[in-house]
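Step one of this worksheet: look at the structure below.
The values are calculated or read from the model by the stated rules, or taken from the named source; none is laboratory data. Since the structure is predicted, the reported quantities are computational estimates derived from the model, not experimental observations. Don't worry about glycine lacking a Cβ; one is built from the backbone with ideal geometry, like all the others, and counts go over all protein chains shown.
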Amino acid sequence: MTPGDEAFENAFRRADVGRLAGLVDPAGCPPGVLERLLRHEDPRVRSLGLVSLGERVAVVGGRADACEQLAAALLPMAMSAAGHAAWSTQDTLVLAELYARLGPHAPKPYALADRVPSRRTAGLPVRVRIAWLRAEIANDPTHLRREPASEALYQAVRDTDIAAACRPRQLVAELLESGDQVLAGQSLRLAREGLHAGIFAVALVRAHLVRLLDLGAEHALGSATVVAALTELSESWATLEPLPPHRVSGLLTAAEATVRPEVAEAALTALARHGHSDDRRQIVGDPDLPPRLRRRALELLGALATRDDIRELTALAARDPLLFGEPAVTCLRGLHRRGHFVTAPDVPAVVALALADHAIAPCEIATILFTCRQEMFRLLTDATADDPSWPRRLALLVALAGQGTGDAGEPGELPVGDVITCTLKATSAPRPFLEALRALRHTAAEEAVLARLAAEPATVLRTLEAIGGRRTVSALRDGLGLAALESGGWRPAIALRIARRGELPPRHRPHSLRPTLADWLTLADRTRDPAQTPTGDPAPDSLSDTRTRLVRTALRLCPPPLSEAERRTYARFTPLLRMCLAEAATWEDDGQDLVTVLEELAPTLPTVEKRAVADAVRALPGTAPAPTLTLLRRCGAVLTRADLDQALEAAATGWSTAARAERVAPAEVAVLREAFGITDVSLPSDTRAWRVQLAAAVRGPSEAAKFRRAEESRQGASRPNSRHALAALADTYCAADPVTRSVLLDWMTALQPLDAPPWTLGEAAADDAASAAAPSRTVRAGDLDQPRSAALRARLLDMLDAPDPDRRRTAATALLKWPDPDVRSAVLRAYLHGRVDLGVHIPADVEPPGLLAALADTGGAEIRYERLARLAVRLDPSVLQPLVPRLLERWQQAPQAVRPVLDAVPAGTLAVILGDRMEAGAWGFLDLLAGRTLLRTPALTEIRRRLRAEGREALAESLRLVDGPLRDPGAERDDAHERARSTAPPRAPDGPSRQESLRLARTGSPDQIRRALNRLAEEHPGPHTPPPQAPTSREAPDDPELRALIGELLHHPRPRVRLHAHRTSRSLFDRETYLRHTSTLLGDAQPDVVRSAVRTLTHAAWEPAVPAVVALLGHPHPAVRAAAVDGLAHLGGRAVPALRHAADHARPDKRSAYAAVLDRITATQTDQTRDSAGKPVQRSSAGR
């Protein structure tokens, strides 16, 4: 016996699954070893044997001899155990896949059919039931005759592989003859796969496709299947024998094209591929045909037309550039590939199309006009400097330059960069020219670009990065220890000091520290043993905390995405990462990074390790650090309702009560969308009305259940689409109470089972049949469901002014997807004037350069400045600059409405614009600059000197001037002269002003907030820090602004900020204010924070908090419930009225919690009375 055999026998005898997994190599393991594992009495060892068999099958692939050997030796035994509940759910799924792969190779396949577990009575998850049904069909196609039509059958057939079928030809025939539209469509897929795999002959597949076309012509098949058949007939293998046109031409009539436009497009493509010379020009010019079909006909002309047809084609497209512009360019590109180039006389028409339709890619125009690039260049540059079409012209010029403009000095050189530079000097809208020069990297334009620095600072700086000044090479390195590691190499002692200090290193450090990942993880792994740590720290708690901080540091220095080497490094320490999962719930962003790292590792891990990660996720004692559905899926786990509940709980962790509506709701909706495969879809009007009814029905579980029953009783088209219903249910979920949420999840699971493919095959077939039976209509270019056209543009713009708000919203939503700047400008104008209410649904890229400046001409309508402020926070601040003069005028009339918009403008830019007003002594405008950091300039220095000379010291101090990195060497001397001239010498500020500190405390990062609070606390003359659990009532000067700030920060999304704000309240305010702030934390998302607040309030005997503490008896976390019980017991009689009130109004199954606390209080009071009764002398003494 070899040492390896002996190790295997010892592990086999002890049922050591971990050791066996390392010893068994599925690629070369003999069947006898697998048989022994499958026969072992320990279910974990049998599971390892089944997993190893599955991996062995994956290794041998489709080799018939190997599959036959495995099927004969092991499959019958594994199948026998399946009927006796010997396998877990995960193992049953593996066994189903083995049956599908090995069943056809078994000596007697029919003998295994009796050993298949009952799919309907075993209570298996949907995914597992589908796998078994798929295996049965692959082994016996006649099973289709006995299986009733259902979504599970459709999903099983969709996942069937033709190469794994026992009798593939019979399987395809059974599907086609079933008479079911979905199954017939799957027969097409399997026939195509069989053709490409060499299983079926070309003639067989072609006959099958023609048969499908015949059924489609009779409307016996859905549109999707007919389209798929036509698409396959358009492939090269099918065009070797031309298809008779009469089999397809009937699908191109106006009636057919209106009812099934996608079928008509596929038929048109098939005719073109088979070389039939239909008159496509007639189709393009027929207004009775759907616009999309006419566009497609124009595109396909590129395969047949010649250069003599170009003038006619461009004239045809010029009738409606929005409708025909893109297909015309596609047609010309096809001509270009075939050597039929555009000539100079046709260039103006092509350029006009490109200027009219912004959806045409500039690179396509530059390609097809490259042979006439001189003429194209002349046409594009023939415009005045302020022509509104310059942004589009510049895009086309940049694309032309990308094709190559010739060498300098050659006759064919195109001076694109020089022309743009010259026009930049004359234009009043320089931003698009600057961005074009940046794209071209035209270094000769540096002087002209620098001249625009004051007017367009942000855009100029971005341009200079490409053509002028040096890029920033490195950032400031904070953290002395990390700098030592970067400069002196890896030193474990320094690493431990870094991990154990107060704050962890900042996230996303420079790339130079990523190679130390293995060192950090190795050090963290060694902290399991005190003897292996550099300090030899023996304390277990200290070691656990150090290990945690080392792993968090590694995640911060090397966050996802990972390189292949980093992925391998993390994979070596997977057990360490699993161990940290339980503690990562309090890691904030580091916990999210840990889950993301495991998600990247999961596909590369061995099966046993994948299951270990999945088990660790499901065994977490508390909340997961982040939603884990993706991680579980990548580990191959079969998702359950418990997994979904865990992910939803993780999404709700880390946010305070006030932030829940803003932060938690999107996170929970994101989990539901991931779990049920919900994508962003445009909801029809009837579904939006249904969503309103649903929102009203989720007020309680009974109403929601009743609404569901009513909806499920509706038939056919009266019921909303399941994808739309899922999206509505997910969006409504956050507004429901916990019990109603469970009802909604049950409903969503019925519409789309967890971990199953999209449950829509049957629904799609029914919708297809319903649409085919619907009465036809005449499709017009202006219909809302048609492609972009001049008619549709005019209709949508008219709808923006419609009296019906729903029509205005529909038009705005559609127009926002258009690339044309004037169209988007119209939508934004309607939004800012209050005609449409789109809010955050306006995408961030709808404000092109100069767009908001054009809105200054309102035509007499009033701008809703609160909406402009909402947009301002998402814009490049320089985009707002052209609006500043108008905003300043409005600010004098309504300062509160306009101030948020002006705050979004960079302080330096605002100071330049206000310069003339401040020089004239209009000091009121200084309020817009107070507390904001400004670069010291001679003009601002002079303004501050004048303020001091006039005795306006406070106003002068509000201007925070800082020195720039390129300050003149003589500036210090000038400052000294300025101070000498000042009547009131300036007091150099030690740090940020109070207003700046307040602003940073509200909007800064966690570290900035902490420092700002410390500065404010130092300035505030509050009482000294009171002793624990007994805050003093010492009075302090009232500061409403600071008190309101602390109240806001107690709802901050970061727990660290909330706790620091609470500590600051303790040191600054009186006892009443501090305890009121403490009661806010009773609604915190962190259980430890809630427990601490309960102890503080109950030991302080603050009675206003008693009802809230009583409500915590129903908290989902047991530690919080225990703290509430102890706190109420400490309060004693003070808590009894609130407890009795809660018990009287509680559900019968919840009253026991309140009764138990009342009994405890009563028992405690009774014991105290008995003790007092036994000691009369002490009671008398106490009374005296």
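Points worth noting:
- In the range 1063-1076, the qualifying residues are those that are assigned to a helix (DSSP H, G or I) and either among the hydrophobic types (A, V, I, L, M, F, W, C) or under 24 Å from Pro1118 (Cα atoms) (or both), and the one that is modelled with the highest pLDDT is Leu1075.
- From the list Ala303, Ala297, the one residue that fits, being surrounded by fewer than 16 Cβ atoms within 10 Å (Cβ to Cβ), in contact (Cβ under 8 Å) with a residue 12 or more places away in the chain and not charged (D, E, K, R), is Ala303.
- Helices (runs of 4 or more DSSP H) contained in the range 210-260 and holding at least 3 residues polar (S, T, N, Q) and under 22 Å from Ala765 (Cβ atoms): 223-233
- Taken over the range 148-174, the criterion of being more than 17 Å from Ala197 (Cβ to Cβ), within 40 Å of the chain's Cα centre (by Cα) and not polar (S, T, N, Q) is satisfied by Pro148, Ala149, Glu151, Ala152, Leu153, Tyr154, Ala156, Val157, Arg158.
- Of the residues making up the range 597-615, just one is hydroxyl-bearing (Ser, Thr, Tyr) and touching a Ser or Thr at 6+ places or on another chain (Cβ under 9 Å), namely Thr607.
- Qualifying residue in the range 332-339 (condition: hydrophobic (A, V, I, L, M, F, W, C), closer than 23 Å to Pro787 by Cα and out of contact with any strand residue (DSSP E or B) (no Cβ under 6 Å at 6 or more places or on another chain)): yes
- Put simply, of Gly222, Gly250 the only residue that is under 22 Å from Leu289 (Cα atoms) and crowded, with 20+ Cβ neighbours inside 10 Å is Gly222.
- Condition check for Ala228: surrounded by fewer than 21 Cβ atoms within 10 Å (Cβ to Cβ), hydrophobic (A, V, I, L, M, F, W, C) and touching an Asp or Glu at 6+ places or on another chain (Cβ under 8 Å): no
- Of all residues in the range 628-648, those that are in a helix (DSSP H, G or I), within 20 Å of the chain's Cα centre (by Cα) and not charged (D, E, K, R) total 8.
- Every test in (1) hydrophobic (A, V, I, L, M, F, W, C); (2) in a helix (DSSP H, G or I); (3) buried (at least 17 other Cβ atoms within 10 Å of the Cβ) is passed by Ala315 save one, and that test is (3).
- On inspection, Thr343 does not qualify as hydroxyl-bearing (Ser, Thr, Tyr), more than 28 Å from Ala791 (Cα to Cα) and touching a helix residue (DSSP H, G or I) at 6+ places or on another chain (Cβ under 6 Å).
- Residue that is nearest to Ala458 (Cα to Cα) [pool: residues in the range 889-902 that are crowded, with 17+ Cβ neighbours inside 10 Å and modelled with pLDDT of 80 or more]: Leu902
- Residue in the range 724-733 that is within 14 Å of Val669 (Cα to Cα) and of a type in the set (D, E, K, R) present: yes
- Screening Arg169 on (1) in contact with a Leu (Cβ under 6 Å, 6 or more places away or on another chain); (2) closer than 28 Å to Ala756 by Cα shows it passes everything except condition (1).
- Residue in the range 1088-1104 that is exposed (fewer than 15 other Cβ atoms within 10 Å of the Cβ), modelled with pLDDT of 75 or more, of a type in the set (A, V, I, L, M) and assigned to a loop (DSSP other than H, G, I, E, B) present: yes
- Looking only at the range 1011-1052, and only at residues there that are assigned to a loop (DSSP other than H, G, I, E, B) and charged (D, E, K, R), the one that is modelled with the highest pLDDT: Asp1039
- Gly762 fulfils the conditions (1) in a helix (DSSP H, G or I); (2) modelled with pLDDT of 90 or more except for a single criterion, (2).
- Filtered residue count, the range 692-730, keeping only those that are surrounded by 18 or more Cβ atoms within 10 Å (Cβ to Cβ) and charged (D, E, K, R): 2
- Among the residues of the range 573-597, the ones that are at pLDDT 75 or above, among the acidic types (Asp, Glu) and either touching a Gly at 6+ places or on another chain (Cβ under 6 Å) or in a helix (DSSP H, G or I) (or both) come to 2 in all.
- Residue check, Leu910 modelled with pLDDT under 70 and either assigned to a loop (DSSP other than H, G, I, E, B) or in contact with a Lys or Arg (Cβ under 9 Å, 6 or more places away or on another chain) (or both): no
One line per residue, one yes/no per condition, for (1) surrounded by 21 or more Cβ atoms within 10 Å (Cβ to Cβ); (2) under 25 Å from Tyr99 (Cβ atoms):
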| residue | (1), (2) |
| --- | --- |
| Asp159 | no, yes |
| Val172 | yes, yes |
| Ser178 | no, yes |
| Ala197 | no, yes |
| Val202 | no, no |
